[in-house]
Structures are given as structure tokens and as C-alpha cells.
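The values are calculated or read from the model by the stated rules, or taken from the named source; none is laboratory data. Source: prediction; values computed, not measured. Positions of Cβ are backbone-derived with ideal geometry, glycine not excepted, and every protein chain shown enters the neighbour counts. Surface areas here come from the heavy atoms of the whole protein model, side chains and all, with no ligands, DNA or RNA. Shrake-Rupley method; radii C 1.70, N 1.55, O 1.52, S 1.80 Å.
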Amino acid sequence: DGAFINTTGIGVVPEGVRVAPDRARPGDKLLLSGRIADHGIAIMSVREGLSFETTIESDSAALNGIVGALLERVGEAVHVLRDPTRGGLASATNEIAESAGVGLRLEETAIPVAEQVRGACEILGLDPLYVSNEGKFLAVVAPEAAGAALAAMRAHPLGREAAVIGEVVADHPGRVTMRSRAGGTRVVDM
């Protein structure tokens, strides 16, 4: 059918670090390394021949440096790492909630989205939470390490817009909710 490309990452996990999807615990903080939906909107605009008043570029990037800096700074406090590629932030957070049997509560106002991407999503009728990403990751960290983790991420060029976007809760296991800009709460489906 054509060319297929497969990549594999090989490395060493630092001693004492155990990152796994089922390690999220109530009280943990959910950090995002930067803006969402840039990649998906950039690719969609090229594929569909769409043009906007501004250029939207893909955010593809190798994450080993920023993840390494995060693990070096807070190591064992990092419980989960996840990329929000296919299915976007919504699917990635639902997968974490389901794997760990916990709930996740997101804060819409804390999730970084570029204004031009938000505008493009509105024009196209898309929710940025469901648009694919590259060059971004989610980290679930112990609450006492959230400040240090955020500082480590923001100190790296790929994490300048990193943010704490929510927390792990005991309520509604396996589900993700989000407090909206208007102050209401909605379920974020897969």
C-alpha cells in the first residue's frame, strides 16, 4: 500500500522512577507541557486547503530533553506520562482515568490554547480537546512536587507554556470532568 515508518525509543529509566498509567492517585496534579491543538489544526489546514488570517504551525518536537529534565528534577514524584496525540487531550485524560480507576478534573481556563487555534476550531466546529497534538505531553505528579515539576518544564524551551490543568480525584472513577469558562461542569468523553 505504500511506505510504513515505525520508530522505537530506547533508553534507561532512572532508578526509583516508575511511570505507569495506573499510578495516578487522588490529589495528584495534572500538568500539560504546552498549548494544545496546534499540530492537528496545522495538518488539517494543509490537507483541506484551508487558509486562516495567521499561520498555524505544527508543534512536532522530540520530548526526550524536557522529559529528562522533569525526571531529573522530581523523579519518583512523576506517576504517569502520556502523549495527547491521537484523540487529543480528551482521549489521553480518559485513558489515564480508566487505567488508574480514578477521576480527573480539568480546569478549562488553565488549558493553553493559542487564540488563532481556538478561532480555527470555532470556525470548523471542533473542540480543541479532541484535536491531535505532537510535541506535547501530560504528566501526573504527586501534589507536593507539582511546583517543582512545573518549574522544570517551564525552564525547558519546549515547556515555556506548561501549566497545571487539573487534578486527580476520587469522585467519578474512570471519568473526566471539566470546569468550564462559564463556571459549569461538563463530562469530557473519550
Quiz item: Could you sort Asp28, Asp83 by accessible area so the largest value comes first, with the probe set to 1.4 Å?
Solution: Asp83, Asp28
Quiz item: Counting only protein heavy atoms and using a 1.4 Å probe, what share of the accessible area of the chain belongs to carbon plus sulfur, as a whole percent?
Solution: 49
Quiz item: Put +1 on the Cβ of each Lys and Arg and -1 on the Cβ of each Asp and Glu in the range 15-120; which of Pro112, Val78, Ser58 then has its Cα farthest toward the positive end of the dipole?
Solution: Val78
Quiz item: Using a basic spin-label model with each label point 7 Å from the Cα along Cα→Cβ, how many nm lie between Glu98 and Glu144?
Solution: 3.3
Quiz item: What does the helix-only formula give at 222 nm for the chain: each DSSP H stretch with n ≥ 4 adding -39500 (n - 2.57), the total divided by the residues, and the result rounded to the nearest 500 deg cm²/dmol?
Solution: -9000 deg cm²/dmol
Exercise. Return the label of the correct value of semi-axes √(5λ) of the Cα gyration tensor in Å, as calculated from the structure shown, out of [x] 32, 16, 15; [y] 26, 21, 16; [z] 22, 20, 15.
Key: [y]
Quiz item: Excluding ligands, DNA and RNA, what is the solvent-accessible area per residue of the chain at a probe of 1.4 Å, expressed in Å²?
Solution: 53
